[in-house]
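Undergrad: My questions all concern the structure below.
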Amino acid sequence: MAKLKEERARRSPSARPFPPGDYPVVVLGSGPGGLQFAYSLGRLGIKHAALSADGEPAGMFRRFPFFQRLISWTKPYAPHERGSRQYEWFDWNSLSGDVPEHRATVPPFMDGTSYFPSRAEMQRGMEAFAERAGVEFRYGCRWESTSRDGERFVVVTSDGEYRCDVLVVAVGMTEPWKPDNIPGLEDVPHYVETDEPEAYADRRVFIIGKRNSGFELADGLLPWARQIVLASPRPARISVLTHSVAAARARYMQPYEDHVLAGGTLVLDASIERVDQTAHGYRVTCKGTTVPGEVVFDVDRVIAATGFGTPLRDLPDLGLTTFSQGRLPGQTAYWESASIPGIFFAGSITQGSIGLKKYGRPSGSAAVHGARYNARVLAEHLATTRFGVKVERPSLEADDVVPYLLQEMSHAPELWNQQAYLSRVVTFDGGRGIVDEGIVPLAHFVDSGGPDAVAATVETSEHGEIRPAVYIRRDGSVDEQIMEGTLLHAFDTKEHHRHLSALLKPLLG
Amino acid sequence: MGSVPLSPRPTPDRRGTVCNAVADDVVDILGNLTLFADLSRPELEGVAHTLDEESFTEGQRILRQGLRGSNFYLILEGEAAVRVDGQDLNTLGRGDFFGEVSVLLGEPPTADVVALRPMRCLVLGGDEVEEFLTSYPKVLFRMLQAEARRLRQTIEWRS
């Protein structure tokens with residue numbers, strides 16, 4: 001790491017990579033999403049400029065979570081060897097490398113006190129990835145504005161003007177966001193403005209928001225605050241109950257237990273009517289949503305843990321459509337803007353490409369363990385569809401198809417970490433034979449048509465059971481087949497072999 | 001949210017945070033829909049925060065015929081076609097809802113619902129619908145009325 005920093009410091013500004021000019025692709029952002037995409041694109045030989053306003057890699061993990069540790073785990077010791085592709089299933093924070101030396105870059109920096117890396121450990125892991133894989137960025141280069149030049153894009157930065165055919169925005173959901181319709185909320189500090197914990201000692205603290213950032217602050221302030229109140233209109237969704245990584249995670253549940261066991265913390269379902277400043281702090285007026293009634297709290301501090309939006313700058317002025325109150329761009333299954341062809345997204349912004357969302361469960365795209373695969377798939381998609389790169393697609397013998405798919409459904413990290421969102425696709429095309437088409441967005445597979453094929457994935461049922469699933473396309477029509485789950489999540493049993501063989505018989509002949 | 005004027009106004013951003021300047025506040029939209037006509041303002045707040053917002057491009061399938069695990073949708077903006085085996089049977093617009101039949105019966109949808117132009121919807125996960133409807137019995141009653149109207153229309157159309 002020191003070597004990397006010394007090298008950067010040694011270079012003169014003119015020696016920085018990617019000077020302003022013309023490039024096929026411009027990538028904005030050096031968080032995990034931008035790093036992964038730039039890496040994967042570089043491995044495919046596509047010329048690009050990778051730009052970042054930051055001074056070093058890791059994006060928002062350089063500042064958040066406020067209470068230091070990440071929300072996603074990395075298991076230093078796992079059922080698969082560290083550095084193998086299968087190990088990625090258990091390492092949710094390292095980026096996805098093509099070769100062993102580019103994988104599992106986070107665990108060597110973890111000190112064994114937790115399987116949730118600290119921010120510093122995560123940052124070192126990202127820096128190690130960039131150094132080992134030779135992923136370069138032009139750091140300290142701020143994106144300022146964007147315009148069109150025919151079909152191309154003009155990206156104006158603090159270092160000058162870039163022109164490109166494809167613009168990939170990987171700036172994260174990093175912009176503090178507050179609703180504008182709660183009187184007084186504009187004067188309340190956002191999560192990002194939280195003070196050091198000592199500032200809340202013996203204070204009554206009101207936290208608006210019951211998602212992870214709200215619970216994270218409450219958890220961190222339990223040893224400091226006199227009383228904590230968490231409130232938002234919707235009842236808290238909790239990951240172990242909803243089987244979803246999008247819900248509040250178990251590791252922040254101590255405030256909830258405190259509430260349930262009447263320890264003094266309050267977790268309320270209430271709309272915030274207004275926030276007024278008083279001589280000694282704030283008065284927060286709430287109305288119950290699940291239990292009717294008005295409640296007024298006089299507190300010392302209020303924090304708006306109301307989430308983040310995407311810093312899209314002037315892209316909406318170019319016609320970029322957004323949703324969720326402007327916080328996310330609308331996207332296709334391959335993460336292209338729904339309204340401006342040629343603008344793509346990587347990183348946590350890709351949660352705006354919804355996918356099938358089976359049983360209401362969102363993808364893992366909001367986190368590194370999901371978004372890293374989206375970025376890899378996107379790089380290959382752009383290379384093959386836009387830049388004429390021929391990616392070798394392995395042929396399969398008919399007898400190998402069933403064992404191969406069962407092996408993938410049992411061990412592929414892409415399928416386990418992006419359940420019912422990414423799939424392994426094998427096509428059965430008379431002219432080309434049986435071909436492994438790689439990892440493909442499942443929504444694209446079921447909606448786009450094409451030759452006879454099978455898409456294999458892993459899904460969680462409405463009852464929380466994890467099961468292998470195949471989507472079989474014949475004569476343009478897609479048939480969904482869900483197979484049995486097993487207690488040990490092993491799907492390469494004789495029964496699965498028999499079942500999948502029968503399902504694929506019409507394709508295998 | 002909260003006791004705000006129905007016509008949202010821009011709020012000065014004093015701390016550098018992004019504020020929601022969207023003109024069609026979701027709570028206001030919900031309050032004007034028959035399905036939620038009986039709910040109080042705080043209850044509408046609860047509903048607005050329970051349902052997620054999603055965006056769909058023109059031509060995108062929202063509900064997929066024959067695929068399990070679908071969800072309940074409410075259209076905020078845009079238009080969609082109800083399509084069975086490639087044939088358009090009906091058009092849905094702002095305020096219409098769909099997906100409830102397959103969720104309630106636990107069966108795959110019998111039709112595709114396809115965006116005819118860019119759409120914004122509110123969505124509730126299939127496995128959350130029962131709890132949602134029993135938490136808001138007045139919404140359940142309004143939905144039952146809507147289903148009764150649809151049934152009557154179908155009977156009239158067939159006779």
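The values are calculated or read from the model by the stated rules, or taken from the named source; none is laboratory data. All of these numbers come straight from a predicted model, not from anything done at the bench. Using ideal geometry, Cβ is built from the backbone for each residue, glycine included, and neighbour counts are taken over all protein chains shown.
Undergrad: Does segment B:37-47 hold any residues that are more than 7 Å from chain A (Cβ to nearest Cβ) and either of a type outside the set (Ser, Thr, Tyr) or within 12 Å of the chain's Cα centre (by Cα) (or both), and which are they?
TA: Selection gives B:37, B:38, B:39, B:41, B:44, B:47.
Undergrad: Quick check: is even one residue across segment A:275-288 under 20 Å from the mean Cα position of the chain (by Cα), within 30 Å of residue A:193 (Cβ to Cβ) and either more than 8 Å from chain B (Cβ to nearest Cβ) or buried (at least 23 other Cβ atoms within 10 Å of the Cβ) (or both)?
TA: No: segment A:275-288 contains no residue that is under 20 Å from the mean Cα position of the chain (by Cα), within 30 Å of residue A:193 (Cβ to Cβ) and either more than 8 Å from chain B (Cβ to nearest Cβ) or buried (at least 23 other Cβ atoms within 10 Å of the Cβ) (or both).
Undergrad: Follow-up. Criterion first (more than 14 Å from chain B (Cβ to nearest Cβ), among the charged types (D, E, K, R) and in contact (Cβ under 8 Å) with a residue 60 or more places away in the chain) does residue A:175 satisfy it?
TA: no
Undergrad: Can you tell me which condition residue A:159 does not meet? The list is (1) charged (D, E, K, R); (2) more than 20 Å from residue A:350 (Cβ to Cβ); (3) surrounded by fewer than 22 Cβ atoms within 10 Å (Cβ to Cβ); (4) within 14 Å of another protein chain (Cβ to nearest Cβ), and all the others hold.
TA: (4)
Undergrad: With the condition being over 22 Å from residue B:50 (Cβ atoms) and among the small types (Gly, Ala, Ser), I'd like the helices (runs of 4 or more DSSP H) fully within segment A:190-286 carrying at least 3 qualifying residues.
TA: By residue number, no helices (runs of 4 or more DSSP H) qualify.
Undergrad: Another one. Only one of (1) in contact with a helix residue (DSSP H, G or I) (Cβ under 7 Å, 6 or more places away or on another chain); (2) within 17 Å of residue B:30 (Cβ to Cβ); (3) at pLDDT 95 or above is not met by residue B:74, so which one is it?
TA: Tallying (1) in contact with a helix residue (DSSP H, G or I) (Cβ under 7 Å, 6 or more places away or on another chain); (2) within 17 Å of residue B:30 (Cβ to Cβ); (3) at pLDDT 95 or above, residue B:74 fails exactly one: (1).
Undergrad: Here are the criteria: (1) within 11 Å of another protein chain (Cβ to nearest Cβ); (2) surrounded by fewer than 20 Cβ atoms within 10 Å (Cβ to Cβ); (3) not hydroxyl-bearing (Ser, Thr, Tyr). Tell me which single one residue A:328 does not satisfy.
TA: (2)
Undergrad: Go through segment B:116-144 and give me each residue that's aliphatic (A, V, I, L, M), under 23 Å from residue A:323 (Cα atoms) and more than 10 Å from chain A (Cβ to nearest Cβ).
TA: The answer is B:116, B:122.
Undergrad: Against the condition in contact with a Ser or Thr (Cβ under 6 Å, 6 or more places away or on another chain) and more than 10 Å from every other protein chain (Cβ to nearest Cβ), how does residue B:63 come out, does it pass?
TA: Yes.
Undergrad: Would you please name the residue that is farthest from the other protein chains (Cβ to nearest Cβ), looking only at residues in segment A:191-208 that are in contact with a Phe, Trp or Tyr (Cβ under 8 Å, 6 or more places away or on another chain) and closer than 16 Å to residue A:306 by Cα?
TA: For segment A:191-208, the residue satisfying everything is A:206.
Undergrad: Just one of (1) in contact with a strand residue (DSSP E or B) (Cβ under 9 Å, 6 or more places away or on another chain); (2) crowded, with 23+ Cβ neighbours inside 10 Å trips up residue A:61, so point out which.
TA: (1)
Undergrad: Quick one: residue A:354 ticks every box in (1) surrounded by fewer than 21 Cβ atoms within 10 Å (Cβ to Cβ); (2) within 18 Å of residue A:459 (Cβ to Cβ); (3) among the hydrophobic types (A, V, I, L, M, F, W, C) except a single one, so which number is it?
TA: Answer for residue A:354: the failing condition is (1).
Undergrad: Could we say that residue A:368 is more than 8 Å from every other protein chain (Cβ to nearest Cβ) and farther than 27 Å from residue A:190 by Cα here?
TA: Answer is no for this residue.
Undergrad: Looking at (1) in contact with a Pro (Cβ under 6 Å, 6 or more places away or on another chain); (2) at pLDDT 95 or above, which is the one condition that is false for residue A:268?
TA: The one condition residue A:268 does not meet is (1).
Undergrad: Right, here's the next one. Would you kindly identify the strands (runs of 3 or more DSSP E) lying entirely within segment A:449-509 that contain at least 2 residues that are touching a residue at least 60 places away in the same chain (Cβ under 8 Å)?
TA: Qualifying strands (runs of 3 or more DSSP E): A:453-460, A:466-474.
Undergrad: Still on this structure: Could you name every one of the helices (runs of 4 or more DSSP H) located completely within segment A:335-447 that has at least 1 residues being of a type in the set (Lys, Arg)?
TA: It comes to A:368-386.
Undergrad: Separate question: Please count how many residues of segment A:82-113 are in contact with a strand residue (DSSP E or B) (Cβ under 9 Å, 6 or more places away or on another chain), part of a loop (DSSP other than H, G, I, E, B) and of a type outside the set (Ser, Thr, Tyr).
TA: Looking only at that region, the number is 8.
Matching residues to (1) modelled with pLDDT under 95; (2) surrounded by fewer than 23 Cβ atoms within 10 Å (Cβ to Cβ):
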site: A:425; (1), (2): no, no
site: A:438; (1), (2): no, yes
site: A:488; (1), (2): yes, yes
site: A:497; (1), (2): no, yes
